[in-house]
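Below: the structure, in structure tokens.
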Amino acid sequence: MSYQLIAAPFSLYSGKARGYLRWKNVAFTEVLSNAEVYKDVILPRVGWPVVPVLITPDDQTVQDTSDIIDYVEAHEPGPSIYPNGPVQKLAALIMELFGDEWLLISAMHYRWTYNEDFAYEEFGNTAFPDLPKEERYKQGRARAERFKGSLPFLGITEKTRPAIEATYEVFLQAFNTHLAKHDFLLGSRPSVGDFGLLGPLYAHNYRDPASGEKMEKIAPRVADWCRRTHAPQHALSGEFLADDQIPDTLVPILKIFAQEQLPILQASLADLQKWVGDNPETKELPRLTGFHKYTIGGVEEDRGVFPFCLWMLQRVLDHLQSLTGDDLATGHKLLREIGADDLINMTVEPRLKRENFNLVLA
């Protein structure tokens, strides 16, 4: 029995998991997450409606893309998407966090501002593939309303939309410049950071027609990277740059993380600590613990506090805190160079973990 990936073509995190499994060259079958699969497979196994879900050859269930990647990395042979170089691994984990949790904002903005009808069609085609076209669209629109309705919780409003587009275009141009010299973030092999970027960039902003046209125009190398990183790979090829090197062209992208996302992570940590103090008997965390202010492109708006981003941050900090000697000094040097020195003494406290497919206090 091979792996089964329960996924959807338009799903952001499905794109991340699918691209990784293809590069890793493991045998898997993709199962379309239609309404019947949600009812009969996903809900009984996971307990809530979510994709992607990986079912392993021995019938274990793995959910969340980082857990899926780590499971397959631990159980399958071949080259790893985690660099051996400790500073490269630090940069890769930061970029995974940036893609998963920050580029999500631009991905959701472009889908529901410029690609709305396409998204309704995609939701309907996935959930009810056997219905007539008009009915698929109607059902897709009904199922998609909660996703469109999440925009204010992500801080996507009329006020922030111009800033979201401006900062996204700065990122696109920086990544396009980087790709003139390197196939992937850290050399000729994709890292976990590449797959973190792949979800929002491929599954939303490349694949959705209006934003895909913008990407092709502004950053054609990024569009090509989307195709390459998501395409089936039949040879586990490529290498990370020698001597734990961080490309000069990656530094401007890491600086965007430090300027835009890091302050939100710091504020989210403070909010989590307050929430835990106000709910001392609660172990399982809700998806949203409240609201706070955030700034994007110099524009301030209200946004939900999502503690899951802190679990992703914890992955970065755990690696950073495992370093010693020259590796630690070089890691600190990189963080200072990109303006993320606050990570040096930062700790996610209380610690978080995933248990029964939910986020809980460790």
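Within the option set PRO247, PRO190, being of a type outside the set (Gly, Ala, Ser) and out of contact with any strand residue (DSSP E or B) (no Cβ under 7 Å at 6 or more places or on another chain) holds for one residue only, PRO247. Would it be correct to say that GLY47 is modelled with pLDDT of 95 or more and crowded, with 21+ Cβ neighbours inside 10 Å? No: the conditions fail for GLY47.
Checking each residue in the stretch 41-79 for being part of a loop (DSSP other than H, G, I, E, B) and within 16 Å of TRP311 (Cβ to Cβ) picks out VAL50, ASP64.
In the list ARG315, ARG354, which residue meets the criterion of being out of contact with any Leu (no Cβ under 9 Å at 6 or more places or on another chain), under 26 Å from GLN63 (Cα atoms), touching a residue at least 40 places away in the same chain (Cβ under 8 Å) and not small (Gly, Ala, Ser)?
Exactly one of ARG315, ARG354 is out of contact with any Leu (no Cβ under 9 Å at 6 or more places or on another chain), under 26 Å from GLN63 (Cα atoms), touching a residue at least 40 places away in the same chain (Cβ under 8 Å) and not small (Gly, Ala, Ser), namely ARG354.
Going by the conditions given, is PHE118 modelled with pLDDT of 95 or more, among the aromatic types (Phe, Trp, Tyr) and more than 30 Å from LEU317 (Cα to Cα)? So PHE118 passes the test. GLY85 meets the conditions (1) modelled with pLDDT under 95; (2) out of contact with any Ser or Thr (no Cβ under 7 Å at 6 or more places or on another chain) in every case but one. The failed one is (1). Hey, PRO162 hits all of (1) within 24 Å of GLU260 (Cβ to Cβ); (2) surrounded by 21 or more Cβ atoms within 10 Å (Cβ to Cβ) but one; which does it fall short on? Against the list (1) within 24 Å of GLU260 (Cβ to Cβ); (2) surrounded by 21 or more Cβ atoms within 10 Å (Cβ to Cβ), PRO162 comes up short only on (2).
Close contacts from the stretch 295-310, counting a first residue that is more than 21 Å from GLU284 (Cα to Cα) and free of Cβ contacts under 8 Å to residues at least 40 places away in the same chain and a second that is of a type in the set (Lys, Arg) and part of a strand (DSSP E or B), with Cβ to Cβ under 6 Å and a gap of 6+ residues or different chains, come to GLU300/LYS293. Within the stretch 1-21, the set of residues being of a type in the set (Gly, Ala, Ser) and modelled with pLDDT under 95 comprises just one member, SER2. Has the stretch 87-94 got any residue that is surrounded by fewer than 22 Cβ atoms within 10 Å (Cβ to Cβ), over 25 Å from GLU145 (Cβ atoms) and among the polar types (S, T, N, Q)? Among the residues of the stretch 87-94, not one is surrounded by fewer than 22 Cβ atoms within 10 Å (Cβ to Cβ), over 25 Å from GLU145 (Cβ atoms) and among the polar types (S, T, N, Q), which makes the answer no. Which of the residues that make up the stretch 12-38 are under 19 Å from HIS75 (Cβ atoms), aliphatic (A, V, I, L, M) and part of a helix (DSSP H, G or I)? ALA17, LEU21 - these are the residues of the stretch 12-38 that are under 19 Å from HIS75 (Cβ atoms), aliphatic (A, V, I, L, M) and part of a helix (DSSP H, G or I).
Filtered by the rule that a residue be assigned to a loop (DSSP other than H, G, I, E, B) and either of a type outside the set (Val, Ile, Thr) or over 24 Å from ALA91 (Cβ atoms) (or both), the stretch 329-362 gives GLY339, ALA340, ASN345, MET346, GLU349, PRO350, ARG351, ASN356, PHE357, ALA362.
Tallying residues that are farther than 27 Å from ILE156 by Cβ, free of Cβ contacts under 8 Å to residues at least 60 places away in the same chain and charged (D, E, K, R) within the stretch 279-293 yields 1. Being loosely packed, with under 14 Cβ neighbours inside 10 Å, out of contact with any Lys or Arg (no Cβ under 7 Å at 6 or more places or on another chain), under 25 Å from GLY155 (Cβ atoms) and of a type in the set (Asp, Glu) is a property that does not hold for GLU300. Scan the stretch 242-269 for residues that are within 18 Å of ARG189 (Cα to Cα), free of Cβ contacts under 8 Å to residues at least 60 places away in the same chain and out of contact with any Gly (no Cβ under 9 Å at 6 or more places or on another chain) and the total you get is 1. Taking every residue in the stretch 184-212 that is within 18 Å of ALA242 (Cβ to Cβ) and surrounded by fewer than 24 Cβ atoms within 10 Å (Cβ to Cβ) and pairing it with any residue that is modelled with pLDDT of 95 or more and of a type in the set (A, V, I, L, M), at least 6 positions away or on another chain, the pairs with Cβ-Cβ distances below 6 Å are GLY187/LEU241.
The values are calculated or read from the model by the stated rules, or taken from the named source; none is laboratory data. What you see is a predicted model; the values in this text were computed from it and never measured. Here Cβ is always computed from backbone atoms with ideal geometry, including for glycine, and neighbour counts include all displayed protein chains.
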